[in-house]
Each structure stands twice: as C-alpha cells, then as structure tokens.
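The values are calculated or read from the model by the stated rules, or taken from the named source; none is laboratory data. The model shown is predicted, which means the values in this text are computed figures rather than measured ones. Cβ placement follows ideal geometry from the backbone for every residue including glycine, while neighbour counts extend to all protein chains displayed.
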Amino acid sequence: MEEEDYVFKVVVIGDSAVGKTQLLGRFTKDEFYLDSKSTIGIEFQTRTLLIGGKRVKAQIWDTAGQERYRAVTSAYYRGALGAMLVYDVTSRRSFLAAARWLADLRARADNSSIVVMLLGNKADLTNSRAVDSDEAAAFAEDQGLFFSEASALSGDNVEEAFLGLLKEIYGIVSRRSLEMVDASAGNVDANAALVFKGTRLSLAEELSMMETSALKRVSVCSSCS
C-alpha cells in the first residue's frame, strides 16, 4: 500500500439535522442513508485521493450538532486544517446558527489559517428553500469563507465542494513547503522535511504559524463552480 504524502484533518460542523453525516457518506463512499440517525459525539471517515500529483488522505470528522455534545466535540477542532460549515437551505434557523458555529471554530481551532467552506445542503429542495444563495454567499464573503451549495440526496456538487476545500488546503501546504525550501537555500531543515512527508502534527504546527492574510479567500470557491 502506498504511503500518503499528506494527511488533512477536516471537521464538518453545523446544527443537527442539516445533513452532515449524509454529506460525508456521499463523499467518502458515494452512499446515502435513508434511515440515518443523529451522530452521537464524534465519528470520522477517510478517503485518499490525488491532488497536485500527491496522495492526500482526507480524514474527515463528523461532529454531533446537538448542544449537549458541544463540550465534547470542541476538543476535536485541534489539528484541523479545514472545516466544512453546513447549513440546511430549507432551514433559516440552521443558517443563522452558522455564525455561532464559526465563532466557536475560530475560538477553539489551533490553526489561524484554517480553511473554511460554508456549504448549503439540500439544494435539491427548491420549493422549500428558506435561505437565498445570494444571502449565503454575501455572508461567506463577509466572513472570508468559501461558499457552495450541494445535495447529499442527489449527490450534486458534493464531490466538487469537498475537493474544492481540500485543494485550497493543499495549496497552502504546498506554498508553505516551497517557502521553507527557498528560505533554507536548498538546505531543507527538519521541520520542512516533516511537512513534505505530510506528518500530521508538523503540518498543523506549520500552518498555525501562517498569517491569515496569506490565503486569498473569495466568496465562491472557484474549484466548485
């Protein structure tokens, strides 16, 4: 079995019943569970794919949306390089709650350059829509997030949304690695070597040192269009 070049931890957050588990199942296994139940605590799934010619293992954590699990799940923000903030386009309450989830993420994440995508799920339910895409895109732009909509049921845009998030993370990691090589004038130090090998801890530590301004954010992810 080939060794992964990178391991990216991504957390999927948002209120209960917005479809986080379904989105994760669709992306990792291309499955949709009609009898899906609420996540209890923490679960995670993985998928390995090629990005930029490198083997990237996406370790995606599904966090329970219920309030009583918030104290437990907050510890799992640690080491995350990306976050998928999910709301239900048919539930205005879940969209308004996104601001609270985002504040919690930014307060607890140990990586100041964490890549965040706002994702509106259940986009197939057009007759029940309660959140306009333009309003969500404006919120994302104001908060420096990427934005997309998808449907876990139909599978529309799920792959593109997750890939878009992972590609943005990869772009940061790649640029950081090149900067370290340039700075050492061809003499790659131990930390740079760890980044190239995709070590989990060093990857999070190196990214936490980056300024958030180093990441150019737009309201709509170009990889998801």
Which residue pairs have Cβ atoms under 6 Å apart, sit 6 or more places apart or on different chains, and have a first residue in the range 155-166 that is closer than 13 Å to Met84 by Cα and a second that is of a type outside the set (A, V, I, L, M) and in a helix (DSSP H, G or I)? Val158/Arg26; Val158/Phe27; Glu160/Cys224; Ala161/Cys224; Phe162/Phe27; Gly164/Ser223; Gly164/Cys224
Note on the range 85-101: residues modelled with pLDDT of 95 or more, part of a helix (DSSP H, G or I) and either touching a Cys at 6+ places or on another chain (Cβ under 9 Å) or not basic (Lys, Arg) (or both) are Ser94, Phe95, Leu96, Ala98, Ala99
Out of all the residues in the range 39-62, is one or more farther than 22 Å from Val115 by Cα and either of a type outside the set (Ser, Thr, Tyr) or modelled with pLDDT of 75 or more (or both)? yes
Residue list for the range 133-158, restricted to those being closer than 23 Å to Arg26 by Cα, over 14 Å from the mean Cα position of the chain (by Cα) and assigned to a helix (DSSP H, G or I): Ser133, Ala136
Answer yes or no: is there a residue in the range 68-84 that is at pLDDT 95 or above, touching a strand residue (DSSP E or B) at 6+ places or on another chain (Cβ under 7 Å) and in a loop (DSSP other than H, G, I, E, B). yes
